[in-house]
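Asker: I'd like to ask some things about the structure below.
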Amino acid sequence: MIAVTCLNGEHFSVDPDHIERIERRGDTVVHLVDGTHYVVASDFEDVLRSIAVHRAGALAARAKLVNGYAATPTATRLARRAAALARAVPDRSAAQD
């Protein structure tokens, strides 16, 4: 979400994925995909910069995920894998007794 301020002073957030286009007609007008539009106090470039920062943050957050889950340190992953393998393979020394 990006924060914007309308010319009337109203503050709110907009999901950048719902922005269809942004116009510069003296004032900056943000058009959403549902047909609504807002005249915002921010400059055209400031709105674009906010969208770019939002998307960069989202990409950085996604890059930290592995298969949809938060990445864990290598040592933790290896310890979990070893524990799972130990549970999956029966203890042969107990079977030989």
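Asker: Name every residue in segment 20-46 that is farther than 15 Å from CYS6 by Cβ, part of a strand (DSSP E or B) and under 24 Å from the mean Cα position of the chain (by Cα), in order of residue number.
Answerer: GLU20, ARG21, listed by residue number.
Asker: Where the second residue is of a type in the set (Phe, Trp, Tyr) and in a strand (DSSP E or B) and the first is closer than 12 Å to ILE51 by Cβ and modelled with pLDDT of 95 or more and lies in segment 6-35, which pairs have Cβ atoms under 6 Å and are six or more apart or on separate chains?
Answerer: Pairs found: VAL30/TYR38.
Asker: With the structure loaded, tell me whether ARG49 is modelled with pLDDT under 95, in a helix (DSSP H, G or I) and of a type outside the set (Ser, Thr, Tyr) or whether it fails that test. Explain how you work it out, then say what you get.
Answerer: Values: modelled with pLDDT under 95: no; in a helix (DSSP H, G or I): yes; of a type outside the set (Ser, Thr, Tyr): yes.
For ARG49, the condition - modelled with pLDDT under 95, in a helix (DSSP H, G or I) and of a type outside the set (Ser, Thr, Tyr) - is not met.
Asker: ALA63 versus (1) within 30 Å of GLY9 (Cα to Cα); (2) modelled with pLDDT under 85: which is the lone unmet condition?
Answerer: (1)
The values are calculated or read from the model by the stated rules, or taken from the named source; none is laboratory data. Bear in mind that the values here come from a model prediction, so they are computed numbers and not experimental data. Ideal geometry is used to build each Cβ from the backbone, glycine not excepted, and the neighbour counts take in all protein chains shown.
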